[in-house]
Amino acid sequence: MALGALTGHTPLTPGTTRRLLSGALRHFLDRGALTPDGLLTLGWYGPHAATLQRYSGPGSPYWASKAFLALLLPPEHPVWTATEERAPAEGPDRVLALSAPGLLVQTTARDGLVRLHNHGSFKPDPREPARETLGNPLYARLAYSTRTGPTSAANTPDNHIALESRGTRSARLRVNPLAAGPNWLASWHHPVFPDGGPVLPSARVESLTLARGRFELRVHRTVGVPPGTPVHHSGWAVALPPEAQPDDTGDEIRLDGPEVTGQLLGLHGWSADRVRRAPEGTAYGPWALVPELTGAVREFPPGTVFVALASLTSEPDPPPLAGQVTAEVADLTVVARWADGGRTVVRLGDGAPTVSEEPS
């Protein structure tokens with residue numbers, strides 16, 4: 001933001017830039033990011049070793065130094081003199097599909113929360129051994145947000161789709177974009193197992209995310225995976241106080257944290273749900289819980305389809321996901337009927353998936 005203002009290459013007004021800069025500063029200072037000596041801790045809201053990367057150093061100089069770019073702006077620059085304006089996330093609900101990088105941005109005005117759905121960002125160099133990049137939580141997740149983790153590589157992954165074979169779960173690497181629409185993105189990946197694990201050369205997992213208000217319709221299809229193979233899909237990791245317990249409402253998993261509520265509901269293909277602990281926590285708290293759905297591959301071609309509904313919000317006491325949408329699956333077509341009368345049709349197949357929507 002500051003670099004854009006400094007070079008004149010930004011779509012933001014000076015007031016919006018100032019709002020984002022000051023808001024980011026307040027966010028961390030109000031949550032204990034500094035030590036009593038005024039130094040940045042190795043963590044977001046205080047020390048958190050699980051968040052660190054190999055280049056992390058005392059005082060977090062690599063990333064923190066970027067904030068001082070704003071000081072290169074002269075005192076009379078409009079960023080310093082303009083009245084703060086609303087941030088983009090404080091405006092109307094918005095979904096923006098960035099097809100080139102494979103990212104879907106979803107914002108909701110009522111809580112100012114931003115979610116980033118990842119259908120293309122993790123593409124290791126093909127010359128790099130794939131198994132050496134397994135489990136990187138900062139790039140391989142299906143989704144990220146401004147109020148949640150990811151969990152550490154040592155804990156159960158949030159926002160992940162995995163096959164299980166011989167007791168080992170697969171990783172999502174080299175994400176390949178498939179198709180995009182105004183409010184959805186799709187991608188595929190070849191599931192890779194750690195060294196010593198199985199090798200499934202023909203296996204493929206296709207994933208599609210459609211954003212609608214605070215809701216995320218998540219559709220997955222397995223291709224070339226042996227029947228009976230367990231499949232696991234996780235939702236948002238919510239940092240919680242020690243005494244917190246999940247609220248199971250029917251087949252829905254609901255996790256209420258201090259700042260957000262995460263929900264996950266299986267709509268088709270899933271046979272069980274559970275809550276998994278992430279004892280190393282996230283940057284937002286010392287420990288976290290992760291909702292997870294489990295199902296199994298039923299047959300070879302045309303593949304098995306799994307559908308789920310997820311939500312992350314900081315609105316107080318959000319209603320259950322059950323009743324918000326139903327999903328019917330016939331062959332490779334998913335028909336989602338929303339509570340407001342809208343209808344979404346997702347067609348999968350050997351080519352790129354398509355999505356059509358009928359308004360309420």
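The values are calculated or read from the model by the stated rules, or taken from the named source; none is laboratory data. Computed from a prediction, not measured in an experiment: that's the story for all the values here. FYI the Cβ positions are ideal-geometry reconstructions off the backbone, even for glycines, and counts take in every protein chain you see. We work out accessible area using only protein heavy atoms, side chains counted, and drop any ligands, DNA or RNA first. Shrake-Rupley method; radii C 1.70, N 1.55, O 1.52, S 1.80 Å.
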- Message: Could you tell me how many of the residues in region 120-129 are touching a Phe, Trp or Tyr at 6+ places or on another chain (Cβ under 9 Å) and either modelled with pLDDT of 75 or more or closer than 14 Å to Asp93 by Cα (or both)?
- Response: 2
- Message: Of the conditions (1) buried (at least 23 other Cβ atoms within 10 Å of the Cβ); (2) assigned to a strand (DSSP E or B), Trp236 satisfies every one except a single condition; which number is it?
- Response: (2)
- region 145-168 residues that are within 14 Å of Thr282 (Cβ to Cβ), paired with ones that are surrounded by fewer than 21 Cβ atoms within 10 Å (Cβ to Cβ) and of a type in the set (Val, Ile, Thr) (beta carbon under 7 Å, 6 or more apart): Ser145/Val114; Thr146/Val114
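Okay, residues lined up against (1) of a type outside the set (A, V, I, L, M); (2) within 24 Å of Gly149 (Cβ to Cβ); (3) at pLDDT below 90; (4) touching a helix residue (DSSP H, G or I) at 6+ places or on another chain (Cβ under 9 Å):
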position	(1), (2), (3), (4)
Gly4	yes, no, no, yes
Thr10	yes, no, no, yes
Arg18	yes, no, no, yes
Leu21	no, no, no, yes
Gly32	yes, yes, yes, no
Thr35	yes, yes, yes, no
Pro47	yes, yes, yes, no
- So which of Arg26, Arg54, Arg31 is within 27 Å of His9 (Cβ to Cβ) and open to solvent by 70 Å² or more (accessible area, probe 1.4 Å)? Arg26
- Message: Between a residue in region 54-75 that is without any contact (Cβ under 8 Å) to a residue 60 or more places away in the chain and closer than 19 Å to Leu138 by Cβ and any residue that is among the hydroxyl-bearing types (Ser, Thr, Tyr) and part of a helix (DSSP H, G or I), which pairs come within a Cβ distance under 7 Å, given they are 6 or more apart or on different chains?
- Response: Tyr55/Tyr62
- What number goes with the only condition from (1) assigned to a loop (DSSP other than H, G, I, E, B); (2) free of Cβ contacts under 8 Å to residues at least 40 places away in the same chain that Arg298 does not pass? (2)
- Query: If you scan region 311-341, which residues turn out to be assigned to a loop (DSSP other than H, G, I, E, B) and free of Cβ contacts under 8 Å to residues at least 60 places away in the same chain?
  - Reply: Pro316, Asp317, Pro319, Gly323, Asp331, Ala339, Asp340, Gly341
- Can you give me the number of residues within region 181-214 that are open to solvent by less than 50 Å² (accessible area, probe 1.4 Å) and either aliphatic (A, V, I, L, M) or touching a Cys at 6+ places or on another chain (Cβ under 8 Å) (or both)? 9
- Query: Do we find that Glu292 is open to solvent by 10 Å² or more (accessible area, probe 1.4 Å) and closer than 30 Å to Asp93 by Cα in this structure?
  - Reply: no
